[in-house]
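The values are calculated or read from the model by the stated rules, or taken from the named source; none is laboratory data. Here the structure is a predicted model, which is why all the values come from computation and not from measurement. Cβ coordinates were reconstructed from backbone atoms using ideal geometry, including for glycine residues, and neighbour counts include every protein chain displayed.
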Amino acid sequence: MVRDLVTVVGGGLAGSEAAWQLARRGIPVRLVEMRPLQPTPAHQTDRLGELVCSNSFRSASLDAAVGLLKEEMRALGSVIMAVADRTAVPAGSALAVDRERFAAELTAVICAHPEITVVRQELTALPEGLAIVATGPLTSPTMSRCLQQRLGEGYLYFYDAIAPIVTGESVDHDIAFAASRYGKGGADYLNCPLSRDEYYRFIDAVRSADTVPTKAFERCVYFEGCMPIEEMARRGPDTLAFGPMRPVGLIDPRTGQRPFAAVQLRRDNQAGTLFNMVGFQTKMTYPEQRRVFRMIPGLEHAEFVRLGSLHRNTFVNAPRLLQPTLQLIDHPQTFLAGQLIGVEGYVESAAAGLLAAINASCVVQGAACLVPPATTALGALVRYITDRSRRDFQPMNANYGLFPPLPGRERGRDKRRRLAERARQDLDAWIARHAIEPPLRQVGGAGSA
Ligand SMILES: Cc1cc2nc3c(=O)[nH]c(=O)nc-3n(C[C@H](O)[C@H](O)[C@H](O)COP(=O)(O)OP(=O)(O)OC[C@H]3O[C@@H](n4cnc5c(N)ncnc54)[C@H](O)[C@@H]3O)c2cc1C
């Protein structure tokens, strides 16, 4: 008798990767996907791993952490990377795919695997037994309600209001000064001061910047604390100066005076290598954000590891709910994966599916679950999103700012190259130490994937 050992819910990037990883370890999988019976507002087809927007998996270069993450996934036998590489289209230094071929090939590979049974059904409750839930940013409403009941009312979110994050080393510390308003909380923030002229020039740029159109299904109801800055600036030229850019309680040590306005940067990680632009969620396009935010004194050479956005996204409060193994803290038989756990992006979502499957297979084998080294792109990302000291959790993508610092003082490209080298060595050692890579199984003569 064939027994379904693991149920994977959601046949997107994370769920497909997870199902494949379990199957290639000889573990029977029931992969439950609700399309086409129940559509989402963004998917157009019934295919597994459909890309809902861009056809790009972003940078292929090790100069970007997402490029390194792809290399790590290849080393871990990722089916998403294998199919993406096979269906790639020319895209400069990025890995972009022919979206139709990508999803068609992925669907064929998954459906052909003898250990995977694809079931087309909307799951409306969490499955019994060992399961990986990867229902994505557009999780069905019924499953969302179920997750809310299971995890707690306040632990499931439906909107991203993401403010940009910059690296601390790219901020001009001759201009930005460390202080908290009225000296409360010590020097926890970096403050970028603006004069009257600088402020109004900045407001003009914000008001006239190109923005990303709101999708029809994204109910554009902004609530306090999550309004894009361009919307605030349109309400009146001084709105930001009385809102997130208010200078009260701040004295610029260079002038001994209160600045006309100030942008506050809040530490985003314990190492103090990343800073969040407080209250700067925005729907400006990415190139416009780089252009406009570099007008802020102190941020002229800012390196953005994450840009701002505001869009529909279902995700959980991972720091409160998840172990770095991607198991629910209070229910280790249930893993969460994909965008649902608060990672951001196609590659990151698939990588989370991969890790959840490695660990679900550990559970099947009665072995201890694993966390990749903190020095790898995957390890750094899961540690960030499951850092229990984190407040105001917002989704995160792979970036070098998450990595533990290097002993030397390299900067820029040299530093990224050394971080990538260290990551690859540590990942290889981790794979060998835990015998993570299973022998590849033949699938219809197609080799690994
Ligand atoms: C509109 C939009 C555009 C995006 N654009 C990009 C982009 O351009 N680049 C990028 O890198 N990232 C983008 N993202 C973010 C994210 O990377 C993708 O959404 C990615 O597909 C997430 O992978 P996933 O596996 O977590 O979810 P998905 O790929 O969405 O897969 C989840 C699957 O679960 C199924 N499902 C949901 N509920 C149930 C249920 N109850 N029962 C059974 N099945 C269910 C869904 O039908 C879906 O197939 C976008 C997100 C959204 C919402």
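Go through region 256-272 and count every residue that is closer than 15 Å to Phe293 by Cβ and either of a type in the set (Val, Ile, Thr) or surrounded by fewer than 17 Cβ atoms within 10 Å (Cβ to Cβ) (or both).
1
Can you name every residue in region 380-404 that is assigned to a loop (DSSP other than H, G, I, E, B) and of a type in the set (Gly, Ala, Ser)? Show your work before the answer.
Applying the first criterion (assigned to a loop (DSSP other than H, G, I, E, B)) to region 380-404 yields 386-395, 397-399, 403-404.
Those that are assigned to a loop (DSSP other than H, G, I, E, B) and of a type in the set (Gly, Ala, Ser): Ser389, Ala398.
Quick check on my filter: what residues within region 24-47 are more than 7 Å from the ligand (Cβ to nearest atom) and of a type in the set (A, V, I, L, M)?
Scanning region 24-47 gives Ile27, Val29, Leu31, Leu37.
Here's the yes/no breakdown for (1) surrounded by fewer than 22 Cβ atoms within 10 Å (Cβ to Cβ); (2) of a type in the set (A, V, I, L, M):
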{"residue": "Leu126", "(1), (2)": "yes, yes"}
{"residue": "Thr135", "(1), (2)": "no, no"}
{"residue": "Thr142", "(1), (2)": "yes, no"}
{"residue": "Cys146", "(1), (2)": "yes, no"}
{"residue": "Tyr159", "(1), (2)": "yes, no"}
{"residue": "Glu169", "(1), (2)": "yes, no"}
{"residue": "His173", "(1), (2)": "yes, no"}
{"residue": "Gly183", "(1), (2)": "yes, no"}
{"residue": "Asn191", "(1), (2)": "no, no"}
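Do you know which residues across region 83-100 are more than 14 Å from Val347 (Cα to Cα) and of a type in the set (A, V, I, L, M)? Write out each step before concluding.
First, the residues of region 83-100 that are more than 14 Å from Val347 (Cα to Cα): 86-93, 98-100.
Across region 83-100, the qualifying residues are Ala88, Val89, Ala91.
Just for region 181-216: of the residues that are assigned to a loop (DSSP other than H, G, I, E, B) and of a type in the set (D, E, K, R), which one is modelled with the highest pLDDT?
Residues of region 181-216 that are assigned to a loop (DSSP other than H, G, I, E, B), as a first pass: 184-188, 195, 209-210, 212-216.
Narrowing further to those that are of a type in the set (D, E, K, R): 184, 188, 210, 215.
Values: Lys184: 71, Asp188: 76, Asp210: 95, Lys215: 65.
Within region 181-216, the match that is modelled with the highest pLDDT is Asp210.
In region 4-17, what residues are buried (at least 24 other Cβ atoms within 10 Å of the Cβ) and more than 9 Å from the ligand (Cβ to nearest atom)?
Our first condition is that a residue be buried (at least 24 other Cβ atoms within 10 Å of the Cβ); within region 4-17, this holds for 6, 8-17.
The answer is Val6, Val8.
Over 23 Å from Glu348 (Cα atoms) and either among the charged types (D, E, K, R) or within 11 Å of the ligand (Cβ to nearest atom) (or both): does that describe Arg145?
On the way: over 23 Å from Glu348 (Cα atoms): yes; either among the charged types (D, E, K, R) or within 11 Å of the ligand (Cβ to nearest atom) (or both): yes.
Taking the combined requirement at face value, the residue satisfies it.
Kindly list the number of the only condition in (1) at pLDDT 95 or above; (2) among the aliphatic types (A, V, I, L, M); (3) surrounded by fewer than 18 Cβ atoms within 10 Å (Cβ to Cβ) that fails for Val89.
Only one criterion is unmet by Val89, namely (1).
Select from region 64-80 the residues that are in contact (Cβ under 8 Å) with a residue 12 or more places away in the chain and farther than 13 Å from Ala398 by Cβ and write down the one among them that is nearest to the ligand (Cβ to nearest atom).
Ile80
State which residue is farthest from the chain's Cα centre (by Cα) when the search covers only region 383-398 and only residues that are within 16 Å of the ligand (Cβ to nearest atom) and at pLDDT 95 or above.
To start, the set of residues in region 383-398 that are within 16 Å of the ligand (Cβ to nearest atom) comprises 385, 394-398.
In the following step, the residues that additionally are at pLDDT 95 or above were identified as 385, 398.
On the way: Ile385: 9, Ala398: 7 Å.
Restricting to residues being within 16 Å of the ligand (Cβ to nearest atom) and at pLDDT 95 or above, the top hit is Ile385.
Any residue at all in region 374-382 that's closer than 18 Å to Ala23 by Cα, of a type in the set (Val, Ile, Thr), more than 16 Å from the ligand (Cβ to nearest atom) and at pLDDT 95 or above? Spell out how you get there, then give the answer.
From region 374-382, those closer than 18 Å to Ala23 by Cα are none; that's our starting set.
Within region 374-382, not a single residue is closer than 18 Å to Ala23 by Cα, of a type in the set (Val, Ile, Thr), more than 16 Å from the ligand (Cβ to nearest atom) and at pLDDT 95 or above.
Could you list, in sequence order, all residues of region 34-63 that are in contact (Cβ under 8 Å) with a residue 60 or more places away in the chain, closer than 15 Å to Arg416 by Cβ and aliphatic (A, V, I, L, M)?
If the condition is that a residue be in contact (Cβ under 8 Å) with a residue 60 or more places away in the chain, closer than 15 Å to Arg416 by Cβ and aliphatic (A, V, I, L, M), then Leu62 is the only one that fits.
Condition (residue is over 26 Å from Gln38 (Cα atoms) and away from the ligand (no atom under 14 Å from the Cβ)) applied to region 92-100: is it met by at least one residue?
The answer is yes, given that some residue of region 92-100 is over 26 Å from Gln38 (Cα atoms) and away from the ligand (no atom under 14 Å from the Cβ).
Scan region 129-141 and tell me whether some residue there is among the β-branched types (Val, Ile, Thr) and touching a Cys at 6+ places or on another chain (Cβ under 9 Å). I'd like the intermediate steps shown before the answer.
To start, the set of residues in region 129-141 that are among the β-branched types (Val, Ile, Thr) comprises 132-133, 135, 139.
Those left that are additionally touching a Cys at 6+ places or on another chain (Cβ under 9 Å): none.
Within region 129-141 (the criterion being among the β-branched types (Val, Ile, Thr) and touching a Cys at 6+ places or on another chain (Cβ under 9 Å)), the answer is no, since none of the residues qualifies.
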